[in-house]
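Down below is the structure, laid out as structure tokens.
No lab work stands behind these numbers, since they all come straight from the coordinates. What you are looking at is a predicted structure, and each value in this text was computed from that prediction instead of being measured. With ideal geometry, Cβ positions are generated from the backbone for all residues, glycine too; neighbour counts draw on all protein chains shown.
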Amino acid sequence: MIKKPFEIRELSGSLFKNPKQTNEKAPQMTGSCLIGGVEYWVSAWTREGEKGRWQSLAFTKKDAKPQVEKDEDITF
């Protein structure tokens, strides 16, 4: 049986247990998805409330770069 390489399909994704969870605020699960032809990182946290357990999700574009202050914004 020949295995096909994993391919993310439109409007789908996957989550896996986060091996790098170092504190309470770090996501418990991480993964990726494809929405509108754009790939996103997905972070998930399990929460508890009055109606039981639920998942909170956050999406970040894979090509997004961290915000860096410009030199003129830094005061000495």
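Which whole-Hz ³J(HN,Hα) couplings does the stretch 50-57 yield from phi under the Karplus relation 6.51 cos²θ - 1.76 cosθ + 1.60, θ = phi - 60°, glycine and proline marked x?
With the stated coefficients, the stretch 50-57 comes to 4, 9, x, 7, 8, 9, 9, 10 Hz.
Which of 25/61; 17/62; 17/51 have a Cα-Cα distance over 22 Å?
On the way: 25/61 20 Å; 17/62 19 Å; 17/51 24 Å.
Beyond 22 Å between Cα atoms: 17/51.
Highest mean first, what order results for 17-26, 37-46 on Cβ atoms within 10 Å? List each step's numbers first, then the result.
On the way: 17-26: 9.0, 37-46: 14.5.
Descending packing order for the listed peptides: 37-46, 17-26.
Please list the non-local residues whose amide H lies under 5 Å from the amide H of residue 35, H modeled 1.01 Å from N, same-chain partners needing a gap of 5 or more.
Distant-sequence amide H within range of residue 35: 11, 40.
For the stretch 1-51, with only Lys/Arg (+1) and Asp/Glu (-1) charged at the beta-carbon, what is the dipole magnitude about the Cα centre, in debye rounded to 20? Write out the running numbers ahead of the final one.
Details: 8 positive and 6 negative charges, 41 e Å.
Computed charge dipole of the stretch 1-51: roughly 200 debye.
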